[in-house]
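Everything on this sheet refers to the single structure shown next.
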Amino acid sequence: MKITLPDGKSLELEPKTTVAGVAQAISEGLKRNAVAGVVNGKLVDTSYAIEEDAEVRIVTLKDKEGLDILRHTCSHVLAQAVKTVYPTCSLAIGPTVENGFYYDIDFKTPISQDDLSKIEEEMEKIIKCNFEITRFELPRKDAIALMRKYKEPYKVQLIEDLPEDSVISFYRQGDFTDLCRGPHLPSTGMIKAFRLTSLTGAYWRGDSKNKMLTRIYGTAFEKKAQLEEYLEQVRQAKLRDHNKIGRELEYFTTVDTIGQGLPVMLAKGSKTIQVLQRFVEDEEYRRGYILTKTPLFAKSDFYKISGHWDHYKEGMFIMGEEGKDKEVFALRPMTCPFQFQVYLNKPRSYKDLPMRLDETSTLFRNEDSGEMHGLIRVRQFTISEGHLACTPDQLENEFKGCLDLALYMLKAVGLDGDVSYRFSKWDENNKEKYIGSAEEWENVQNVMRGILDDIGLTYTEADGEAAFYGPKLDIQIKNVFGKEDTLITIQIDFQLAKRFNMLYTDVDGEKKFPYVIHRTSIGCYERTLALMLEKYAGALPLWVAPVQVRIMDVSEKSEEYCNELFDKFMEAGIRPEKDLRPEKIGKKIRDAQLEKIPYMLVIGEQEAESGEVAIRKRGAGDIGKMKVDDFIAMVKKQVKELEIW
C-alpha cells in the first residue's frame, strides 16, 4: 500500500502496517518519539493498523495533539493511582483542558489538597513500571457488564447513553482498565514531567441537581523544565489574581450568606466602577446615544415575545409559579426587549434612524456554581449595554461605529493589546437553538463577514457561539490563569424587531423592520475591573484609580496645611485621601505603596511654609517638589490624556 507523508513523499509498505511501523520506516528516532498518528485526518494510536493507501502524519510530543495525548494519558494514570490508594472511589470523567487535565471522582471519604502528594507518589510508581497501554473494543452490552464488574456506576451511565449498536473502546495499563475513545501514549513510561495542582468540587455532568464530585486538576509537559516554567507562571498568576488583589486592596468582598456570584463592592471598587460608568456614559452621549432606564424584571409574557423564555429560561431567575390568577416574573438577563419599548413608544420613520439607545444595565444570570469566579463570572452584574435600530444601508457604518467605540474603551483602560476577535455563528446542525430560517442566517452572517473583512480585522470563526437571534463579534480576553471569556460583544439581530413589531416608515412610504445591533462598549464593569486589577497587579491607571493622591503629614505641625490641600484637590476634581495618623512617615509611605496609590505627597513644615508639595510617584519614587497649582495641573492633564503608568 502507498503511504503519503506531509512533505509529499510516499512509502510503499505492507497492508496492516501500524502507525509505529510507518514512523520506523521513516527513522528509528521518529519511532522512539512517536505518540500517535493522523491517518486520513483521524487521530489514532501508534498501534493502529493501516489497511489501505492513506495520508499519514506522525505525532510527537512537540505537536499540540501530542501534548494533549500526554495529558490525557496522565489523567488515566491519575485514575489508576486514585483507585489504588482509594479502592472504594468511583471514576467519572477525565478530559484534557487548555493547560492540563482533570478527573472527576466520587470519594466515599472526602480528600483534601494535602492528599495530592500521596496520589502523586502512586502515579510515579505507575510511570516507573512503564506499563504498555493497549486498546480494545466491546459491544455496548458487554461494555456495560465490564464497568458493572469494576463497580463504576458513572461509566455505566455514560455507556447507557450511547446507541444500542455502539462499539465501545477501552484502554488497559497494567491491571487498570478505563473507558475512553483515545488515543493514548504507547506506555506510561513516556510521562516525564507532571504535577497535580488543585482540587475542587464539580457536579456530575455539570448539573447542580446531581451529586457533587471531587475534581482533581493536574498538568503535564514533555520536559521537567517546561513544567517548572509553567508552574512559575501559575505562581506569578496567583499573585496577580484579582480574587487575591481585589480583596487585599479592599475593592470587593463576598459573603456566604448573601450567595455565590454576588460580590459586595467596597468603597474602592464602587468608586472605580463609578468613574468607568461616567466615562462611558459621557462618551456614548458624545456619539449620539440616547440614555434609557428600564425595569429590572418583567412578566414571563414579555420574555415569551422576545424568545428568551424558550431559548434562555434556564439562565434566568424566575419569581413565582404559573397558575390561575398568578403572574410569573423573571429578573432580566439582558436589556434588549426593554429598550425596544423606547423605540415603540411612538411611530418611527427613516428620519429617526439610526436610533442609538444605551443604558448602564444591571443584569441577572443564573450561572452554574462551578462557573463562578470572583468578579469575572457572577450572577448579578452591571454592563454598558446599547441597542441601535438602523436601516440596511446604515448597518455597516453603525457596526463599525460600535467597534470603534469598543476599541476606544479598550485603549482607555489599557486592555487593547490583550484581546482577540471571534466571529460567532449559528450551528446549522442544531437549528432548534435559534430563531429564523437557514437562508436568513446565511445572509446575515455573510453581511457581518463582509463588514469584518472590510475593516481588516483578524478574527477566528466559531460555530454554535451566536446569540439565538443573530451572529456576533465577540472580543475575547484571557485572565491571568489563561481562562478565556468574552469582554465585549457586538451582535447583528435580524429577528427581534419582527417579534416586537418594530416598524418604521421608509422613504418610499413602506413599513419595514430595522436591523438591530446589540452591543456593549466596555462590557461588564465587574469583569473589566477584575481584568484591570490583574493586568496592573492592583496599580490601576491614574485616571481610574479610586484614590489618586494620598496626603501624608510628617508631624502634627503640618496637619492644617494637609487639610487645606485636601479641600483644594477636592475642588479641582482630584480624588484625594489623608493619612494623618500618629505614625512615622516611613510607615505611611510603605502603606501607600502597598495600596498602590499613584501619588504620595509628603508634607512637612517646609512644604507648609513654601506652599509646595513633596511628591513620590508610584513606581518612580521621589520626583521632587512642585507648587500646588502646578501639581494639580499636571494631574488633571494626565487624567484627561488617560495616561497609563
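Numerical summary
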read-out	value
The listed residue being surrounded by fewer than 21 Cβ atoms within 10 Å (Cβ to Cβ) and part of a helix (DSSP H, G or I), out of Arg195, Arg215, Arg205, Arg181	Arg205
Test: residue in segment 279-296 that is modelled with pLDDT of 95 or more, of a type in the set (S, T, N, Q) and under 30 Å from Leu357 (Cβ atoms)	yes
The listed residue being among the charged types (D, E, K, R) and crowded, with 19+ Cβ neighbours inside 10 Å, out of Asp7, Asp53, Asp45	Asp45
Matching residues, segment 226-271, being assigned to a loop (DSSP other than H, G, I, E, B) and not β-branched (Val, Ile, Thr)	Asp241, Leu249, Glu250, Tyr251, Asp256, Gly259, Gln260, Gly261, Leu262, Pro263, Leu266
Residues being within 19 Å of Gly189 (Cα to Cα), part of a strand (DSSP E or B) and not basic (Lys, Arg) - total across segment 102-141	3
Failed item in (1) farther than 21 Å from Ser90 by Cα; (2) touching an Asp or Glu at 6+ places or on another chain (Cβ under 8 Å), with Tyr154 passing the rest	(1)
Residues being more than 30 Å from Glu232 (Cβ to Cβ) and exposed (fewer than 15 other Cβ atoms within 10 Å of the Cβ) - total across segment 463-486	2
Selection count where residues are touching a Leu at 6+ places or on another chain (Cβ under 7 Å) and assigned to a strand (DSSP E or B), scope segment 604-645	3
Every residue from segment 23-59 that is part of a strand (DSSP E or B), touching a residue at least 24 places away in the same chain (Cβ under 8 Å) and under 16 Å from Pro183 (Cα atoms)	Ala36, Val38, Leu43, Val44, Ala49, Ile50, Val56, Arg57, Ile58, Val59
Any pair with Cβ under 8 angstrom, 6 or more apart, that starts in segment 494-511 at a residue that is in contact (Cβ under 8 Å) with a residue 12 or more places away in the chain and ends at one that is in a helix (DSSP H, G or I) and small (Gly, Ala, Ser)	Leu496/Ser306; Arg499/Ser306; Phe500/Ser306
Scope segment 553-579; condition crowded, with 17+ Cβ neighbours inside 10 Å and aliphatic (A, V, I, L, M); matching residues	Val554, Leu565, Ile574
Some residue of segment 573-595 being hydrophobic (A, V, I, L, M, F, W, C), at pLDDT 95 or above, under 41 Å from the mean Cα position of the chain (by Cα) and part of a loop (DSSP other than H, G, I, E, B)	yes
Some residue of segment 556-567 being modelled with pLDDT of 95 or more, out of contact with any Phe, Trp or Tyr (no Cβ under 7 Å at 6 or more places or on another chain) and over 19 Å from Lys588 (Cβ atoms)	yes
Pairs with Cβ under 8 Å, 6+ apart, first in segment 436-450 and over 16 Å from Asp493 (Cβ atoms), second surrounded by fewer than 14 Cβ atoms within 10 Å (Cβ to Cβ) and at pLDDT 95 or above	none
Flag for Asp418 being in contact with a helix residue (DSSP H, G or I) (Cβ under 9 Å, 6 or more places away or on another chain), under 30 Å from Asp241 (Cα atoms) and among the acidic types (Asp, Glu)	yes
Any hit, segment 145-166, residues being part of a strand (DSSP E or B) and surrounded by 14 or more Cβ atoms within 10 Å (Cβ to Cβ)	no
Scan of segment 503-532 for residues that are out of contact with any strand residue (DSSP E or B) (no Cβ under 7 Å at 6 or more places or on another chain) and of a type in the set (A, V, I, L, M, F, W, C), ordered by number	Val507, Phe513, Leu529, Ala530, Met532
Breaking point among (1) touching a Cys at 6+ places or on another chain (Cβ under 6 Å); (2) within 14 Å of Val413 (Cβ to Cβ), for Ala545	(1)
Pairs, first free of Cβ contacts under 8 Å to residues at least 60 places away in the same chain in segment 611-632, second basic (Lys, Arg) and assigned to a strand (DSSP E or B), C-beta under 6 Å, six or more apart	Glu612/Lys625; Glu612/Lys627; Ala614/Lys625; Asp622/Arg616; Ile623/Lys617
Condition met for Lys64 (basic (Lys, Arg), closer than 22 Å to Tyr171 by Cα and more than 27 Å from the chain's Cα centre (by Cα))	no
Residue in segment 231-241 that is surrounded by 13 or more Cβ atoms within 10 Å (Cβ to Cβ), modelled with pLDDT of 95 or more, of a type in the set (S, T, N, Q) and more than 30 Å from Glu577 (Cβ to Cβ) present	no
Subset tally (residues that are part of a helix (DSSP H, G or I) and either of a type in the set (D, E, K, R) or surrounded by fewer than 17 Cβ atoms within 10 Å (Cβ to Cβ) (or both)) for segment 276-316	15
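Residues checked against (1) assigned to a helix (DSSP H, G or I); (2) touching a His at 6+ places or on another chain (Cβ under 9 Å); (3) among the acidic types (Asp, Glu):
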residue: Gln339; (1), (2), (3): yes, yes, no
residue: Pro347; (1), (2), (3): no, no, no
residue: Lys351; (1), (2), (3): yes, no, no
residue: Thr362; (1), (2), (3): no, no, no
residue: Asp404; (1), (2), (3): yes, no, yes
residue: Leu407; (1), (2), (3): yes, no, no
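The values are calculated or read from the model by the stated rules, or taken from the named source; none is laboratory data. Everything numeric in this text was worked out from a predicted model, so none of it was measured. With ideal geometry, Cβ positions are generated from the backbone for all residues, glycine too; neighbour counts draw on all protein chains shown.
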